[in-house]
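All remarks here apply to the structure that follows.
The values are calculated or read from the model by the stated rules, or taken from the named source; none is laboratory data. Because the structure is a prediction, the values reported are computed rather than measured. Here the Cβ is made from the backbone with ideal geometry for all residues, glycine too, and neighbour counts use every protein chain on show.
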Amino acid sequence: MNAHAKWNERFAKEGYAYGQSENDFLRESAHLLPMGKILSIGEGEGRNAVYLAKLGYDVTAIDYSEVGLAKANNLAKENRTKIQTILADLTTYNLEKDYWQGIVSIYFHVHKGERSKIHSKCVEALVSGGVFILESYSINQLSYDTGGPKNSDLLLDLDEVLRELDGLDIEIARVTEREVIEGNYHTGMGSVVQIIAKKKID
């Protein structure tokens, strides 16, 4: 089964794979996002995009699972808010340049080569002063059995990611252990990378 089919199958199950509530780190740091256009990459079923939309942001959710995005739109309707959705592969999709006030990446795990290209696009796509927020499982997550990929190539090494985000001023960059309870697939203490960075002001 290829990755696209895998995610469609996961999101087709009853309920929400990762719950309907926003990610804890995003909730703690959302106030740092400038008001305006926010892009949530690898958004899946919409929990984080809907949260940001309820805060008043103009949110676009991008994912390559049409099943996930359909549920994201439904979740937005249930919460009486609105998001934009884009069905696309981020490795080939044009994010535009100097366009987004914020970009959010929450547990978006792709292979290193793809991730490097996507992060480079994100740096270019942020406006001057735009903010990038990331939380994903670190390479240390392999020693836990609480969720995330089992392939080390899909997990994050902090130093590698910081190199990929060259062009941003790093405000928070850490590997930390915390309890992650998000639906059926993130269920306990884990090792995560957390990053908050800002596009250099011209």
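Worth a mention:
- Residue match in the stretch 135-151 (condition: closer than 22 Å to residue 61 by Cβ and among the aliphatic types (A, V, I, L, M)): no
- Screening the stretch 116-135 for residues that are part of a helix (DSSP H, G or I) and in contact (Cβ under 8 Å) with a residue 60 or more places away in the chain and picking the one that is farthest from residue 30 (Cα to Cα) gives 118.
For (1) in a strand (DSSP E or B); (2) of a type outside the set (Ser, Thr, Tyr); (3) touching an Asp or Glu at 6+ places or on another chain (Cβ under 6 Å), each residue gets a yes or a no:
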site	(1), (2), (3)
172	yes, yes, no
189	yes, yes, yes
192	yes, yes, yes
202	no, yes, no
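- Hits in the stretch 154-168 (condition: exposed (fewer than 13 other Cβ atoms within 10 Å of the Cβ) and either outside any loop (DSSP other than H, G, I, E, B) or in contact with a strand residue (DSSP E or B) (Cβ under 9 Å, 6 or more places away or on another chain) (or both)): 159, 163
- Total residues in the stretch 1-53, condition farther than 18 Å from residue 101 by Cα, outside any loop (DSSP other than H, G, I, E, B), in contact with a helix residue (DSSP H, G or I) (Cβ under 6 Å, 6 or more places away or on another chain) and free of Cβ contacts under 8 Å to residues at least 60 places away in the same chain: 1
- Among (1) surrounded by fewer than 21 Cβ atoms within 10 Å (Cβ to Cβ); (2) modelled with pLDDT under 95; (3) closer than 19 Å to residue 182 by Cα, the one test that residue 20 misses: (2)
- When residue 60 is tested against (1) under 18 Å from residue 105 (Cβ atoms); (2) hydroxyl-bearing (Ser, Thr, Tyr); (3) in contact with an Asp or Glu (Cβ under 7 Å, 6 or more places away or on another chain), exactly one condition is not met: (3).
- Residues located in the stretch 165-186, provided they are aliphatic (A, V, I, L, M) and closer than 16 Å to residue 106 by Cα: 165, 172, 173, 175, 180, 181
- Subset of the stretch 136-153 [among the hydroxyl-bearing types (Ser, Thr, Tyr) and either assigned to a loop (DSSP other than H, G, I, E, B) or surrounded by 15 or more Cβ atoms within 10 Å (Cβ to Cβ) (or both)]: 136, 137, 138, 144, 146
- Residues in the stretch 54-111 that are under 15 Å from the mean Cα position of the chain (by Cα) and assigned to a helix (DSSP H, G or I) were compared, and the one that is farthest from residue 4 (Cα to Cα) is 72.
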